[in-house]
Amino acid sequence: MKKILVVIDMQNDFIDGALGTPEAVAIVENVKAKILSYPKENVFATRDTHHQYYMDTQEGRNLPVPHCIRGTDGWQIRPEIAELIFPDHIVDKPTFVLERREEDGIEIELVGLCTDICVVSNALLLKASMPETPISCDASCCAGVTPAKHEAALETMRSCQIRIIND
């Protein structure tokens, strides 16, 4: 079975920028080690992507902190992580989720930021669209907006048959 790693939104704004947290900074080395444990061709990443009019969007009205604006330093994936991922394996996404279709013979592991927003959203949508595909999340390579929200998201994923490792 081919195992795929999806590195979610390990961008400067989520690590130590506009929406950064000490917990996000703390997982950078874990995420790098996780990426290096996979064949490079099996590693994919998402990049949260907004535009200058972000504050006029529904998300901007609910989370009024400009972040991940295309072309800014905050939008970039942390350089030491980006260098480990093929550029054509990075997917810009305008919202919380990466779309994926059912494939036989694969397993998906998720890591990244933020556990309680983009990681859980991707995990649940992947599980819903690919119910027979084994999906896991490495808790030691994720961080939430707060530690409590991180734990709540892990519990939500467990409830939906997503395997949580290194919790």
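Kindly list, by first and then second residue, each pair from a residue in segment 84-97 that is among the aliphatic types (A, V, I, L, M) to a residue that is modelled with pLDDT under 95 and in a loop (DSSP other than H, G, I, E, B), limited to pairs with Cβ atoms under 7 Å and residues at least 6 apart or on different chains.
91/98
Return the only residue of 14, 96, 86 being modelled with pLDDT under 95 and aromatic (Phe, Trp, Tyr).
Values: 14 fails: modelled with pLDDT under 95; 86 fails: modelled with pLDDT under 95.
Answer to the selection: 96.
Search segment 122-167 for residues being modelled with pLDDT of 95 or more and polar (S, T, N, Q), and hand back the single one that is farthest from residue 59 (Cα to Cα). Before you say what the answer is, go through the steps one by one.
Here is the first cut: in segment 122-167, the ones modelled with pLDDT of 95 or more are 123-124, 134-166.
Remaining after also requiring polar (S, T, N, Q): 136, 140, 146, 156, 159, 161, 166.
Details: 136: 27, 140: 27, 146: 19, 156: 22, 159: 26, 161: 28, 166: 31 Å.
Within segment 122-167, the match that is farthest from residue 59 (Cα to Cα) is 166.
Hey, which of the helices (runs of 4 or more DSSP H) in segment 1-112, taking only ones fully inside, have at least 2 residues that are within 17 Å of the chain's Cα centre (by Cα)? Walk me through it before giving the result.
Numbers: elements: 12-15, 22-36, 58-62, 79-82.
By residue number, 12-15, 22-36, 79-82.
Just to be sure I understand the filter: pairs with C-beta atoms under 8 Å, separated by 6 or more residues or on different chains, first member in segment 53-76 and closer than 14 Å to residue 15 by Cβ and among the aromatic types (Phe, Trp, Tyr), second member part of a helix (DSSP H, G or I) and modelled with pLDDT of 95 or more. Which pairs pass?
Filtered contacts from segment 53-76: 75/12; 75/13.
Quick one: how many residues across segment 120-145 are free of Cβ contacts under 8 Å to residues at least 12 places away in the same chain and assigned to a loop (DSSP other than H, G, I, E, B)?
So in segment 120-145, the residues free of Cβ contacts under 8 Å to residues at least 12 places away in the same chain come out as 128, 131.
Next, only the ones that are assigned to a loop (DSSP other than H, G, I, E, B) stay: 131.
Total satisfying the criteria: 1.
Looking at segment 106-128, which of its residues are touching a Pro at 6+ places or on another chain (Cβ under 8 Å) and either of a type in the set (Val, Ile, Thr) or under 14 Å from residue 10 (Cβ atoms) (or both)? Spell out the reasoning first.
So the first thing to find is which residues in segment 106-128 are touching a Pro at 6+ places or on another chain (Cβ under 8 Å), and the list is 107-108.
Result: 108, single match.
The values are calculated or read from the model by the stated rules, or taken from the named source; none is laboratory data. Just so it is clear, the model here is predicted, and its values are computed rather than measured. Ideal geometry is used to build each Cβ from the backbone, glycine not excepted, and the neighbour counts take in all protein chains shown.
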